[in-house]
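Report on one structure; see the data block that follows.
The values are calculated or read from the model by the stated rules, or taken from the named source; none is laboratory data. This one's a predicted model, so the numbers in the text were calculated from it and none came from an experiment. Using ideal geometry, Cβ is built from the backbone for each residue, glycine included, and neighbour counts are taken over all protein chains shown. When the accessible area is computed, the model is the full protein with side chains, heavy atoms only, and any ligands, DNA or RNA have been set aside. Shrake-Rupley method; radii C 1.70, N 1.55, O 1.52, S 1.80 Å.
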Amino acid sequence: MPRTTKKTKPKKKTTTAKKTAPKAKPSKEGTTRKAVVKSESQKQPVKISKKTPQLLRGFKDILPGEQKYWDLIREKGEIFAYDYGFERIDLPFVEETSLFIRSVGKETDIIDKEMFSFEDRGGESVSLRPEATASVVRAYINHGMLNLSQPVKLYYIGPMFRYDRPQSGRYRQFNQLGFEILGDIHPVLDAQIIILSYNFFKELGVPVNIQINSIGCPECRKEYKVQLINYYKTQKADLCEDCQGRLTKNPLRLLDCKHEKCKTISEDAPQIVDWLCDECKNHFVKVLEFLDEIEIPYNLDPTLVRGLDYYTKTVFEILPALQDSENNNKKAQNSLGGGGRYDNLIELLGGRPTPAVGASIGVERAILKIKELEVEVQEKESPDIFIAQLGEAAKRKSLAFYEELRDEGIKIVESFSKDGLKSQLDIANKLGVKYTLILGQKELAEETILLRDMEGGVQETINYNKAIKEIKKRLGL
Ligand code: AMP
């Protein structure tokens, strides 16, 4: 493969990365500044705008005010992982493009339309991960986890990237919390993944519906696909353009098209459950029996196929608990999470034949729902102590005192850059601390410190050397 990287001689004291413009204007500093540089991989000139950079479409900043929701999901994710015996795995955001093509499937929307793929400097095609199951499987094979005691239970949380049309609840960078169980075919594990997902939302205060189906194995799907194609062929003229293509490329996906006309046609389509082989049928029945056993409510949805090629047998989706008609209308966008079994993926990627099942939860969607339902989310606990200082010497002393208090495990805040007492007390009030310690010239000279009770405004002078003990006593530490 030809290398696309061309080594350019490093220039002395230039402020931009590469020289590509034929004539460079001298900059104010006398160095050579270029208006354009070339992207290494595509060799396209990159325009450098002088405007304030803006967020890319479909991307989001998560500001401090939002963090309590993220903390909630992360913390709950960790607790659930612990409770159900999953260990954390962190995976790279960039992988070989072929990993996703081979696993998610060539004819899927994700691969066909939504991948962020590019050539790296070594000329290799790489992609920002659109999902993480493929990476989990790659890591499972790469690190010889096939030889550990099975099943191996892993969880992850992190960003995924899909070049989809952005709208409310659909971003180009979004986060998923995922749980994967690799190395065991027992249907009780499908049930456990569903139970975990259901309980996750229940504990968040978001009621959900589980939609479930079985899409069988490649064997039983063979005959079913023939039936499906025959059925849709008779209605081909009424199908949307995408579905006309799906007829030959990915017939299963005809079933979950969101176009009204296609949806109506799908109502009478042959159902996969009628074509399942005995093994797949038994597996599905067992999964449902386990769910019944602990009374997890679910709806059988014969049109549910999910958009990724690697699924076998059980597939499920987590929808917010709405009226069925509402759910049907908004299905794809509403979906809070989903998953299923992928018994052939490990072998397909070069590992020993190994069954697996997993789920992923859309973090942004979960947060949107929490907000919409006005679920009360705990604010971060207020700090206990504010330290105010007046004058240079006191500033220096309070800097050291701050560290001492922190070492003692006291939740302390400051505003060292401020000088006036009033502005510091205003901040202390805003932060909702119980006490403010005030250190000024007088206190320094007398080796004391003022302790101000923020509720009543009462101030007392205490001995500096006994201050920590006194504060701890008052805070009940
Ligand atoms: P999938 O990997 O497509 O099965 O998606 C699993 C979950 O991730 C979905 O149910 C959504 O909650 C979430 N999700 C998928 N795509 C997006 C997106 N573009 N923006 C936000 N969340 C998404």
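Observations
- You will find that of 83, 71, 61, the residue that is more than 18 Å from the chain's Cα centre (by Cα) and charged (D, E, K, R) is 83 and no other.
- Applying the condition of being out of contact with any helix residue (DSSP H, G or I) (no Cβ under 7 Å at 6 or more places or on another chain) and of a type outside the set (A, V, I, L, M) to segment 79-91 and asking which residue is least open to solvent (accessible area, probe 1.4 Å) yields 86.
- When residue 347 is tested against the conditions (1) assigned to a helix (DSSP H, G or I); (2) out of contact with any Pro (no Cβ under 8 Å at 6 or more places or on another chain); (3) more than 23 Å from residue 169 (Cβ to Cβ); (4) not aromatic (Phe, Trp, Tyr), the lone failure is (2).
- Residues of segment 311-328 satisfying the condition of being assigned to a loop (DSSP other than H, G, I, E, B) and modelled with pLDDT of 90 or more: 311, 321
- Any hit, segment 421-439, residues being loosely packed, with under 12 Cβ neighbours inside 10 Å and within 30 Å of residue 320 (Cβ to Cβ): no
- Segment 382-396: number of residues that are surrounded by fewer than 18 Cβ atoms within 10 Å (Cβ to Cβ) and in contact with a helix residue (DSSP H, G or I) (Cβ under 8 Å, 6 or more places away or on another chain): 4
- Filtering segment 352-381 to residues that are within 16 Å of the ligand (Cβ to nearest atom) and in contact with a helix residue (DSSP H, G or I) (Cβ under 7 Å, 6 or more places away or on another chain) leaves 356, 357, 358, 359, 361, 363, 366, 367, 370.
- Screening segment 451-477 for residues that are of a type in the set (Lys, Arg) and in contact (Cβ under 8 Å) with a residue 12 or more places away in the chain and picking the one that is surrounded by the most Cβ atoms within 10 Å (Cβ to Cβ) gives 452.
- Selection status of residue 289, open to solvent by 10 Å² or more (accessible area, probe 1.4 Å), within 16 Å of the ligand (Cβ to nearest atom) and modelled with pLDDT of 90 or more: no
- With respect to being closer than 30 Å to residue 68 by Cα, surrounded by 15 or more Cβ atoms within 10 Å (Cβ to Cβ) and polar (S, T, N, Q), residue 448 falls outside the description.
Yes/no matrix, rows are residues, columns are (1) under 26 Å from residue 355 (Cα atoms); (2) of a type outside the set (Asp, Glu); (3) away from the ligand (no atom under 15 Å from the Cβ); (4) not assigned by TED's automatic domain parsing to the domain that holds residue 193:
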residue: 252; (1), (2), (3), (4): yes, yes, no, yes
residue: 267; (1), (2), (3), (4): no, no, yes, yes
residue: 270; (1), (2), (3), (4): no, yes, yes, yes
residue: 282; (1), (2), (3), (4): yes, yes, yes, no
residue: 301; (1), (2), (3), (4): yes, no, no, no
residue: 314; (1), (2), (3), (4): yes, yes, no, no
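- Annotation: residue 135 fulfils all but one of (1) within 19 Å of residue 190 (Cβ to Cβ); (2) over 13 Å from the mean Cα position of the chain (by Cα); the unmet one is (1).
- Check on residue 134, small (Gly, Ala, Ser), touching a Phe, Trp or Tyr at 6+ places or on another chain (Cβ under 6 Å) and within 14 Å of the ligand (Cβ to nearest atom): yes
- Breaking point among (1) farther than 25 Å from residue 169 by Cα; (2) part of a helix (DSSP H, G or I), for residue 296: (2)
- Test: residue in segment 39-55 that is at pLDDT 95 or above, surrounded by 11 or more Cβ atoms within 10 Å (Cβ to Cβ) and closer than 30 Å to residue 366 by Cα: no
For (1) over 19 Å from the mean Cα position of the chain (by Cα); (2) within 30 Å of residue 437 (Cα to Cα); (3) not hydroxyl-bearing (Ser, Thr, Tyr), each residue gets a yes or a no:
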{"site": "365", "(1), (2), (3)": "no, no, yes"}
{"site": "374", "(1), (2), (3)": "yes, no, yes"}
{"site": "379", "(1), (2), (3)": "yes, yes, yes"}
{"site": "390", "(1), (2), (3)": "yes, yes, yes"}
{"site": "412", "(1), (2), (3)": "yes, yes, yes"}
{"site": "422", "(1), (2), (3)": "yes, yes, yes"}
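- Scanning segment 292-326 for residues that are farther than 16 Å from residue 194 by Cα, open to solvent by less than 40 Å² (accessible area, probe 1.4 Å) and of a type in the set (Ser, Thr, Tyr) gives 303, 310.
- First in segment 394-406 and at pLDDT below 95, second anywhere and surrounded by fewer than 12 Cβ atoms within 10 Å (Cβ to Cβ), Cβ under 6 Å, 6 or more apart: none
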